[in-house]
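Okay, structure first, notes after.
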Amino acid sequence: MVNQLPPDHLQQFVGGNFEQVGKEFLTLFQQFGGLKQNDSVLDVGSGVGRMAVPLTTFLSTEGLYRGFDISKEGIDWSIANISSEYPHFQFEHINIYNHLYNPNGSLTSTGFHFPYEADTFNFVFLTSIFTHLMEDEMTHYLHEINRVMKKDGTCLLTMFIVNDEATDLIKAGKSSLQFPHKVGEASIENLALPNAAVGYSLHTVEAMMNKTNFVRSELKFGSWCGRTQFTTYQDLLVLKKKR
């Protein structure tokens, strides 16, 4: 196990509840993603290691972990405190522009390629990444995930699905998000900061999946819109490559 946790400002950068959320998702990875101890794992948007830290207690040295993020400070902390103890865990800073999280970035989220060979990973996950991507960005990420994922691999992701139930709960004042604006197919919380929170209809998500050669094997709805029965806060999807 990692000897120390990130400083408070880095924990808050990824939303807080560092240990609790990490442990929760390690369970979800196994329960819904079928994660195994010897898997090769890609963490898209690894932040400050909130998912990597609990994975150090699960992945064997026969497996491997790769993570990348736009936060250089988060990556530097992860290398110094995780890779130093677990060399099969490696992290890379990708200098992608984001007006909220990396305003000095030199790359675009639709123009860069994941820095990994094709057919590398058994298990790819994205926690609260598609909640910040517009449609063309999300489609590009799905293309890249499909490229680096093995034929029988699994992708687990979280996002906001704005379906009829969620819309009714929003209208009833139950939701933590309102999504009052539309930009293309995306539902946006704040037009001035469009990437701050982004949701999509299930129809749009499935169209993007079909375009990028994925099928959905699991969908578990979250509590974000005020549901009383849920799996986690955001909606959770598990994807497989088309046969």
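Using a 1.4 Å probe and counting only protein heavy atoms, arrange Lys241, Lys23, Lys171 so the residue with the most accessible area comes first.
Heavy-atom accessible area, descending, gives Lys171, Lys23, Lys241.
Mind ranking Leu191, Leu100, Leu169, Leu126 by accessible surface for me, highest first, 1.4 Å probe?
Leu191, Leu100, Leu169, Leu126
Under a 1.4 Å probe, what is the accessible area of the chain per residue, stated in Å²?
On a per-residue basis, the chain sits at 46 Å².
Using a 1.4 Å probe on the protein chains only, how many percent of the accessible area of the chain belongs to carbon and sulfur?
48 percent
Using a 1.4 Å probe and ignoring any ligands, DNA or RNA, find the accessible area of Glu144 and quote it in Å² to the nearest 10.
So the heavy atoms of Glu144 present about 10 Å² to solvent.
Ordering Thr108, Thr232 by how much accessible area each has at a 1.4 Å probe, largest first, what is the list? Mind dumping the intermediate values first?
On the way: Thr108 80, Thr232 10 Å².
Order by accessible area, largest first: Thr108, Thr232.
Please report the net charge: other residues with Cβ closer than 14 Å to the Cβ of Thr131, K and R +1, D and E -1.
Net of charged neighbours comes to -4.
Using Cα-Cα distances under 8 Å and only pairs 6 or more residues apart, what relative contact order does the chain have, in percent?
Taking the mean separation of contacting Cα pairs over the length of the chain, I get 15 percent.
Hey, what number do you get for the chain at 222 nm if only DSSP H runs of n ≥ 4 count, each worth -39500 (n - 2.57), divided across all residues, to the nearest 500? Don't jump to the answer; show the numbers that get you there.
Values: 7 runs with 65 residues, N = 243.
The helix-only estimate for the chain comes to -7500 deg cm²/dmol at 222 nm.
A 27 angstrom limit on the alpha carbon distance is what I want to check against. Which of Lys72/Lys242; Lys174/Lys240; Lys36/Lys72; Lys72/Lys211; Lys182/Lys220 exceed it?
Exceeds cut-off: Lys72/Lys242; Lys174/Lys240; Lys36/Lys72; Lys72/Lys211.
The values are calculated or read from the model by the stated rules, or taken from the named source; none is laboratory data. Since the structure is predicted, the reported quantities are computational estimates derived from the model, not experimental observations. Using ideal geometry, Cβ is built from the backbone for each residue, glycine included, and neighbour counts are taken over all protein chains shown. Ligands, DNA and RNA are stripped out before the accessible areas are found, and what is left, the full protein with its side chains, is counted by its heavy atoms. Shrake-Rupley method; radii C 1.70, N 1.55, O 1.52, S 1.80 Å.
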